[in-house]
Every structure is written in C-alpha cells, then in structure tokens.
Amino acid sequence: METKPYVVVVGGMNMDMFGMPDRKIIPRDSNIGQIGLAVGGVGQNIAQNLAHLRVPTYLVTVYGDDMNGAVMKQACKKNNINLEYAEEIKGQRSSGYMYITDETGDMLVGINDMKICENITPDFLQRRLDFMNRAELVMVDANLQAESIKWLGEHLTVPIFADPVSVSKAPRVEPILSKIDTLKPNKLEAELLTGIKINDNADVESAAQKLLDMGVKNVFISLGADGILAANKENMIHVGTLTTNIVNANGAGDCSTATITWCRYHGITDLKEICLNTQAAASIALESEKSVPDITPEQIEEKLENAKALN
C-alpha cells in the first residue's frame, strides 16, 4: 500500500529519434548532419518533470521487450519515475517517434509508431483502478485510445487532469470534459474543443468560458508567446511570458502541464500564483537544450521572485 501522497500519469512513453542536416536537405539522398536519441512521449515527459519537481510519480504506460524498451525503463529508474504499474508487452515494439528537420530545426516530416499504446485498454486500467483512485490526482494524456479515456472519466473518483496533446487527438477528451478537473489545451486545441476561432484576448476568454460551461472546473489555455489564460468559476486571469533566451521550444508545454499539477499537489489553488509558477517553469524549459529540463522547485522559486518583482 502506498502511504505517501502521489500522482499518477497515464499515457505514452516513446523513444524519440531526430535527424537535422547541416545544410539545405537534398531529397532522396544521404545528408550529413546530426542524429539525436531521447526518451520522450507526452506522458513520460510530464512524469519526468514532476519527478524533477520531487513529486512521487507513477507512470502507467506500456513498453516493449526490445532494446528501446530496456533503455526507456532504465531512464525512468534514473529519473525517479515509478513503473510499478506499467507493463512490458512481450513481442511488441516500444512506442517510437522519428522526425527530420530542415537545416534551421523546423520539422519537415515525422513518423509516430504508437500502436503498442492500444494495449492500454479499459481492462488494463481496471486492474490498476484502486491504485489510481488512491492518488492525489490522475493526469491523462490523450495519446490513449478514446474508449480508454472515456472509461477513466467514468471510473476515476480522484481529480482528473488532462492534456489534449494535439488537434488530432483532442477530440478524445471531449466526451469526458464534464469529468475533468483541470484541462490544459493550447490555442489550437481550445479552438477545436469549443468551435471558437481565437484571434484576440476576448476570443480566448470566450473559449475558456465555454470549456467551463461544458463542465471543466479549471482551464489553462497556453498561448505560446502571449502567455497563458487561466479560468474557473471564481476568476479569469491572463499572465504573460517571462523574458527568455529561447534555446528549445519543444519542452515548454509538457513542463507547464507538470507545473500546474505540481501546484495542485502542494495545495496551491490561486490562479495567478499557478500561472506565475507555470510561466517561470516554461521559461526554464525554453532556456534548456533538453526536451525535459533539469528543473527544480528552487529554480522555479528564483524565476518566480523575478516575475513578482516585475508585477
């Protein structure tokens, strides 16, 4: 039996591989450049950020009995992500994501192979339900199949946090919006879920209000360079970004989601305080070369003190 309060993340874990050419790419030819390999996936990234923030974190996921699975399992151990309730699937490839960029770092093409995640079925989740319902909260990553997300919405009794992941996967959370405690879409995902085209602050507020009307208790809409808008039935607030030397924009979203979760774990409910913490964490992520920065609560506190001085 787990005694210390903990968080559960249910979602995907990938082995990410990228290639970046040194010069303008030559199609259908071998290009000289750099190749990188890293453990990723939205669920894993959020879990890793939470673990770095010293939140006891369990990742409920699946991985194969292949080389990539062994690497990912070892990485989770190193990063203090508990895989006790995850499962190694015999004879299947671990989830993978491969992409090629141009010489500036913009993606040209990507291929995701996440078929193994289909093993995260309602039956799979049922065997872990009691454990999940003893958590402080459960974070759901929309890489899960729609039927599994719907099942979680019907059976979880603890607060559900959800990340829509992408425009193509956001519809999977739509059937359980009324069951979601905290939702963190970006602007495009909020547009998809609400049907409201977002062109200005008034549109963002309308989209947030519609999500609240649909039953979500707390909404955090990530606006990229324009900051974040947070809303619940008591308040609606917009917090801008912090001045940042951007090195890598890939990890900011998952780091923000983890920070919102970290705030709730520590009982922080004030929207402005959550948003300031979140923007401080996003700033740290943007300044890191890694998709998951080596973030700590002390780094957030330092950034937050600077942010408070400017407000």
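Checking each residue in the range 142-173 for being more than 17 Å from K115 (Cβ to Cβ) and in contact (Cβ under 8 Å) with a residue 60 or more places away in the chain picks out L152, P159, F161, D163.
Of everything in the range 25-54 that is on the phi < 0 side of the Ramachandran plot and assigned to a loop (DSSP other than H, G, I, E, B), the residue that is surrounded by the most Cβ atoms within 10 Å (Cβ to Cβ) is L53.
Take T296 and tell me if it is without any contact (Cβ under 8 Å) to a residue 24 or more places away in the chain, under 29 Å from Y6 (Cα atoms) and of a type outside the set (F, W, Y). So T296 fails the test. Checked against (1) within 30 Å of I25 (Cα to Cα); (2) at pLDDT 95 or above; (3) among the hydrophobic types (A, V, I, L, M, F, W, C), V109 passes all but a single condition, namely (2). Within the range 131-173, being surrounded by 16 or more Cβ atoms within 10 Å (Cβ to Cβ) and among the charged types (D, E, K, R) holds for E136, D141, K150, D163, K169, R172.
Table: residues versus (1) over 22 Å from A258 (Cα atoms); (2) of a type in the set (G, A, S); (3) at pLDDT 95 or above.
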{"site": "I32", "(1), (2), (3)": "yes, no, yes"}
{"site": "G40", "(1), (2), (3)": "no, yes, no"}
{"site": "V55", "(1), (2), (3)": "no, no, yes"}
{"site": "A70", "(1), (2), (3)": "yes, yes, yes"}
{"site": "R127", "(1), (2), (3)": "yes, no, yes"}
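Which of the residues that make up the range 190-223 are part of a helix (DSSP H, G or I) and either in contact with a Leu (Cβ under 9 Å, 6 or more places away or on another chain) or not assigned by TED's automatic domain parsing to the domain that holds G253 (or both)? Those that are part of a helix (DSSP H, G or I) and either in contact with a Leu (Cβ under 9 Å, 6 or more places away or on another chain) or not assigned by TED's automatic domain parsing to the domain that holds G253 (or both): A190, L193, T194, N201, V204, E205, A207, A208, K210, L211. When the range 1-24 is filtered for residues that are among the hydrophobic types (A, V, I, L, M, F, W, C) and either at pLDDT 95 or above or not in a loop (DSSP other than H, G, I, E, B) (or both), the ones remaining, listed by number, are V7, V8, V9, V10, M13, M15, M17, F18, M20. Exactly one residue out of A142, A231 is in contact with a helix residue (DSSP H, G or I) (Cβ under 7 Å, 6 or more places away or on another chain) and assigned by TED's automatic domain parsing to the domain that holds N306, and it is A231. Of all the criteria given as (1) among the polar types (S, T, N, Q); (2) under 18 Å from Y6 (Cβ atoms); (3) under 18 Å from the mean Cα position of the chain (by Cα), the one not satisfied by Q145 is (2).
Okay, residues lined up against (1) under 23 Å from Q44 (Cβ atoms); (2) out of contact with any strand residue (DSSP E or B) (no Cβ under 8 Å at 6 or more places or on another chain); (3) buried (at least 23 other Cβ atoms within 10 Å of the Cβ); (4) not assigned by TED's automatic domain parsing to the domain that holds V39:
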{"site": "T257", "(1), (2), (3), (4)": "yes, no, yes, yes"}
{"site": "R264", "(1), (2), (3), (4)": "yes, no, no, yes"}
{"site": "T269", "(1), (2), (3), (4)": "no, yes, no, yes"}
{"site": "P297", "(1), (2), (3), (4)": "yes, yes, no, yes"}
{"site": "E305", "(1), (2), (3), (4)": "no, yes, no, yes"}
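Are any residues in the range 224-257 modelled with pLDDT under 90 and either within 13 Å of N277 (Cα to Cα) or part of a strand (DSSP E or B) (or both), and if so, which ones? Residues satisfying the conditions are G240, T241, L242, A252.
In the range 77-125, the residue that is surrounded by the most Cβ atoms within 10 Å (Cβ to Cβ) out of those that are touching a His at 6+ places or on another chain (Cβ under 9 Å) and over 21 Å from A51 (Cβ atoms) is L125.
The values are calculated or read from the model by the stated rules, or taken from the named source; none is laboratory data. Please read these numbers as outputs of a predicted model, since none were measured by experiment. Because the Cβ atoms are built from the backbone with ideal geometry, glycine has one as well, and the counts that use them run over all protein chains shown.
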